Amino acid sequence: MTLLIIIIVLALIFDYINGFHDAANAIATVVATKVLSPFQAVVWAAFFNFLAYWVFGLGVANTVAKTADTSEITLVVILAGVVAAIIWNLFTWWQGIPSSSSHTLIGGFAGAAIAHAISLHGFSDYSVVQDGAQVTKHWYDVVSWYKAGKDGGMPSGVIIIIAFIVLAPLLGALISYFISIWLLYSSKKSIYPKLFTIALMIASIWFIYGEMVPFDKIEKPRFESHFWSIIFESHNIKWFLVAFIILSISVFTLIFSSLNLNRADAVLRKMQLLSSAAFSLGHGGNDSQKVMGIIAAAVAVYIKTTGVDIISLPEWLQVVLPDDDKGIKGVMPEWIPLACYTVIALGTLSGGWKIVKTMGSKITKVTSFEGVAAETAGALTLYFTEHFKVPVSTTHTITGSIIGVGLTKRVSAVRWGVTISLLWAWVLTIPVSALLAALCYYFLCLFF
């Protein structure tokens, strides 16, 4: 039990570090454009980090919890992964490198699990009893590399997470480039951009209406009223936010051509508050869930290794990982998400000024126009990836979004030297974290 408590505490410490390490993701552009002071910006971001508690589900947490086979690992594995993630996060923060806290945690978890499998079985095959049948496994099977999606849905696994090292910033760049071009054309006195905007508004409303969860499919309605239960269903809140973001920009584009330069900039600066809030919400929802996943995995491993009945555990530790194949629904005590969202918000309040400088000015010059496009694109990317339960890097996402808006000016507007250095940091994060976690695992095995 002591080791389990240590892991939970360290996981929350990692969550705090994640908050100030990744604070730059949400506040760099509003600080760079002087829409908010640094202090105001971190308070703003922290508030929406915490607000994510009422918006997002636990899909990403489940994906992270199943990075490694919990029936094949020990608590020492999880401890090594968390310790390695904390070390790498602190090092990159000290160096001002906006690396991915998400991939640090995934890499650490996977690396420690592989080290554990090799220490037990070497590089030889071994047999285990699974669902009453004997199954032959390899040392690398301890990590969930790839799992096909249910009913043609989004697949999961470490390979998918690695793929999104490229896909998340690319998606962010494409969306921000599209938003920038859309805004640029809307500033001209032409009917065609307005017709496009109206069509996009109709299409967005139609799509989001189709994604709404009706009252009869809500498992635990929050109100007796059908209307308010639908409005405040967490899945629906997320899509309402997507609609609000798209429709807000759409309304602005409809009047953009009638505004003079100063008036347009004033409106864009106000819109940056909305876009940064939306991104902070996505950051909180995406990154806090990863820590929830680690805590859930730790409890599952504790139950498996001790043989204790989950019913005999205190209520605050009665965590059940969902299993779609077996029809098991996940259970997570309220204190876990509440603690994770609170801690990441406190971490964000601590700021991360070295990384703010890199994100806010070194990649490309950012104005209110670019800030709105980049943050909106980053927020939409995070909402959609969370919907598909893919743990992506908020760092990669916003960096790609900033690059996307820079490309609308000219290719040379992006400082590619800085960008290439960031790419190297991204590529190396998972393998370095995995190697560091493996070393931590072998070291910790001397004491546990």
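Solvent-accessible area per residue in segment 1-146 equals 37 Å², computed with a 1.4 angstrom probe and all protein chains kept. In terms of its C-alpha gyration tensor, segment 171-216 comes out oblate, because a/c is 1.5 or above while a/b does not outweigh b/c. Using only side-chain charges placed at the Cβ, +1 for Lys and Arg and -1 for Asp and Glu, the dipole size of the chain relative to its Cα centre rounds to 1940 debye. The chain: longest stretch without exposed trypsin sites (Lys or Arg not before Pro) (DSSP loop, at most 11 other Cβ within 10 Å), sites themselves excluded? That would be 35-187.
Which net charge results for the neighbourhood of E72, defined as the other residues with beta-carbon distances under 13 angstrom from its beta-carbon, given Lys and Arg at +1 and Asp and Glu at -1? Counting the neighbours of E72, the net charge comes to +1.
The peptide list 50-63, 108-121, 273-286, put in order of mean Cβ contacts within 10 Å with the highest first, becomes 273-286, 108-121, 50-63. Under the simplified labelling scheme, the L261-F196 pair shows an inter-label distance of 2.3 nm, with each label point 7 Å from Cα along Cα→Cβ. Largest first, the residues W228, W426, W335 sort by 1.4 Å accessible area into W228, W335, W426. Farthest toward the positive end of the dipole of the chain, out of W88, I27, I165, is the Cα of I27, where the dipole comes from beta carbon charges about the Cα centre. For the cross-link pairs K329/K389; K194/K238; K137/K290; K34/K194; K150/K304; K270/K389, which exceed 21 Å when the distance is taken from alpha carbon to alpha carbon? Listed pairs above 21 Å: K194/K238; K137/K290; K34/K194; K150/K304; K270/K389.
In this structure, the amide hydrogen of A68, modeled 1.01 Å from its nitrogen in the peptide plane, lies closer than 5 angstrom to those of S144, counting only residues at least 5 positions away or on a different chain. Full extension of the chain between F384 and K137 yields a length gain of 85.5 nm, computed as 0.36 nm times the residue separation minus the alpha carbon distance. The gain in end-to-end length when the S187 to L338 segment is fully stretched comes to 50.0 nm, 0.36 nm per residue minus the alpha carbon separation. Heavy atoms of the protein chains alone define the surface here; on that basis segment 204-293 has 50 Å² accessible area per residue at 1.4 Å probe size. Translational diffusion of segment 1-142, estimated by Stokes-Einstein from the Kirkwood radius over alpha carbon pairs at 4 °C in a medium of 1.567 mPa s, is 74 µm² per second. Here each label is just a point 7 Å from Cα along the line to Cβ, and for L423 and W94 those points are 2.8 nm apart. Relative to the current alpha-carbon distance between I159 and Y146, full extension at 0.36 nm per residue lengthens the span by 4.1 nm. Once you sort the root eigenvalues of the Cα gyration tensor of segment 192-332 as a ≥ b ≥ c, which label holds: rounded (a/c under 1.5), prolate (a/b larger than b/c) or oblate (the other case)? The shape class here is prolate.
Ordering I237, I255, S275 by the projection of their Cα atoms onto the charge dipole of segment 219-325, which places +1 on the Cβ of Lys and Arg and -1 on the Cβ of Asp and Glu, puts I255 at the extreme positive end. When segment 142-249 is described by a simple charge dipole with +1 on each Lys and Arg Cβ and -1 on each Asp and Glu Cβ, the residue from W206, V143, L174 located farthest towards its positive end is L174. Converting the Cα gyration tensor eigenvalues of segment 99-248 into ellipsoid dimensions via √(5λ) gives semi-axes, longest first, of 44, 25, 13 Å. Within the accessible surface of the chain, defined with a 1.4 Å probe on protein heavy atoms only, the carbon and sulfur portion equals 69 percent.
Ordering W139, W424, W239 by accessible surface, largest first, gives W424, W139, W239; the 1.4 Å probe counts only protein heavy atoms, with every chain in place.
Longest stretch of the chain clear of exposed loop sites (GluC sites (Glu not before Pro), DSSP loop, at most 13 other Cβ atoms within 10 Å, sites excluded): 1-218. Rounded to the nearest 20 debye, the dipole size of segment 76-221 about its Cα centre is 680 debye, using +1 on the Cβ of Lys and Arg and -1 on the Cβ of Asp and Glu.
For I191, the accessible area of its heavy atoms, probed at 1.4 Å with every protein chain present, is near 100 square angstrom.
The values are calculated or read from the model by the stated rules, or taken from the named source; none is laboratory data. This one's a predicted model, so the numbers in the text were calculated from it and none came from an experiment. Glycine gets a Cβ as well: all are built from the backbone with ideal geometry, and neighbour counts include every protein chain shown. Surface accessibility is based on the protein's heavy atoms, side chains included, excluding ligands, DNA and RNA. Shrake-Rupley method; radii C 1.70, N 1.55, O 1.52, S 1.80 Å.
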